[in-house]
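Structure first, commentary second.
The values are calculated or read from the model by the stated rules, or taken from the named source; none is laboratory data. None of these values were measured; they are calculated from a predicted model. In this analysis, Cβ positions are derived from the backbone assuming ideal geometry, glycine residues included, and neighbour counts consider all displayed protein chains.
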Amino acid sequence: MLAAAHLLRFVTAPLARHIHMSRPASAKVAVVLSGCGVYDGSEIHEASAVMVHLSRGGADVAVFAPDVDQMHVIDHTKGQPAEEKRNVLVESARIARGKIAALSTLDVGGHDAVILPGGFGAAKNLCTFAVDGPDCKVNPEVEKTIKSFHDAKKPIGLCCIAPVLAAKLIPGCSVTVGNDQEEGGRWPYAGTAGAVGKMGATHIRRDVNASKDSRKSHSSLNEDEEAIANEKEGSLAWKVLHISQVRTLLELNVDQVHLKMADLLNLKDHAVNLQEAAVLDYYVAGFWWAKEQSFTLQQISGFITALSILLENIREKQMSLVDNLKELKKMLVGIGQENPEVTGGLDFFNTDQAKLLTNYITESLFHHYKLYQYMFSLEQDEMVIGTELSVEVAPPADIPFPPPLDEGMREAVYLEHVAPPPPPPEKEEEKEAPSGEEEKVFTEEEVEDILEGVTTDELKEVISSVVNEMLGSLSADVGAKLKEREAQYLAKISKMQKIAE
């Protein structure tokens with residue numbers, strides 16, 4: 001009932017009154033019922049209490065239920081099944097006084113929060129947890145509703161047994177279902193807490209404190225402090241990484257985890273300090289491996305604490321390999337036992353997980369033990385490296401130097417934006433001819449005829465001799481080249497014949 005108590009405080013808080021301001025609109029809350037009757041539907045006391053408190057707080061309440069048949073009908077006078085069938089929506093209408101709608105019509109955008117009261121109907125009609133335990137299946141409409149409110153970051157209130165729905169649908173969430181110990185029959189359904197852990201959620205024991213002045217239920221501690229307060233004495237969970245930090249890391253990819261882990265562990269110089277870089281890789285690799293094993297938030301935190309203790313034994317205590325193995329053995333004490341008297345702080349793991357954990361630590365740390373010892377025994381030398389660069393800068397685009405080349409620039413762009421404009425043409429002064437002077441008259445000299453006195457026959461003879469002299473040498477050259485080319489062709493033909501034979 002605690003989760004609903006926190007939600008009721010959120011949605012029914014007195015609306016502030018301010019000068020010159022109108023009263024804010026009331027919160028719209030959806031209530032999802034699972035029938036009518038504690039053994040086969042909604043617990044009437046819880047459902048009524050939820051709606052009464054919402055009404056007193058001024059909330060606008062809308063009631064919904066899935067339109068499906070109940071798993072079975074229980075005769076509440078005998079506590080035994082009755083041979084009849086009933087509809088969840090029809091039965092839920094009894095509590096809602098008829099003002100109810102099918103769950104399929106619920107609009108997440110039109111509501112500020114959703115509350116699911118308890119009763120066995122939540123484990124029988126909204127899901128199959130009552131029959132299948134951690135392997136249960138959730139009604140599709142219920143699954144859509146819870147995931148939609150979760151994605152919209154709107155409050156979800158779950159009473160009594162109903163938190164198993166969140167454990168099934170929202171991996172890694174933290175829920176409260178009473179107590180994880182029966183304590184002499186005081187908590188008869190304490191086994192539910194163990195089932196929640198198997199579904200990947202973390203069970204947190206919460207106390208509700210009532211303030212006499214405000215008459216409001218509230219938790220005395222925040223999530224991290226509360227997780228630490230509820231942890232068993234000697235547990236290794238929440239020592240290095242708190243629950244909120246683990247939840248944040250689970251939502252990141254490996255590169256983001258690397259940066260976030262460096263911030264959480266205060267490894268500011270991991271980019272230049274090889275020792276810090278190795279330590280950071282050690283933790284990031286361990287966290288990512290634990291995430292791949294689908295460990296719970298508590299298990300991941302405890303595993304990281306174990307890695308930290310073993311590493312600090314090398315760095316601070318210079319512990320030998322044998323002694324560090326003994327330390328790991330002490331941490332594993334109590335695993336696989338019910339209510340062990342002595343525990344090493346990792347008893348929230350089962351035996352199979354303990355084997356995986358041991359194998360990982362052996363391969364990642366103990367097999368490289370001397371390397372870690374060497375790394376922590378020597379200090380890294382600081383090296384200051386400097387480089388002088390001589391850069392030749394292009395001269396300015398002033399005469400007598402030409403402008404620098406512009407690589408990749410089109411000629412049109414260069415001419416339009418870079419090249420200096422051409423100088424304007426100089427105007428030539430017109431000169432007037434002096435008046436009264438006589439113009440000079442140039443006469444062409446007579447051209448002497450060199451062929452004068454040469455007869456036609458003599459001219460033909462000269463031309464014929466010149467042509468014969470030129471063509472004779474040309475004919476000889478052409479003949480020589482033809483013979484050379486002929487010899488080449490004959491050689492190729494003979495070679496081809498030899499190859500063919």
Can you pull out the residues in segment 140-168 that are surrounded by 16 or more Cβ atoms within 10 Å (Cβ to Cβ), part of a helix (DSSP H, G or I) and more than 25 Å from the chain's Cα centre (by Cα)?
-> Glu141, Val142, Pro163, Val164, Leu165
Select, from Gly234, Gly197, Gly172, Gly185, the only residue that is in a helix (DSSP H, G or I) and either at pLDDT 70 or above or over 21 Å from Leu158 (Cα atoms) (or both).
-> Gly197
Those helices (runs of 4 or more DSSP H) lying entirely in segment 243-310 with at least 3 residues acidic (Asp, Glu) = 274-292
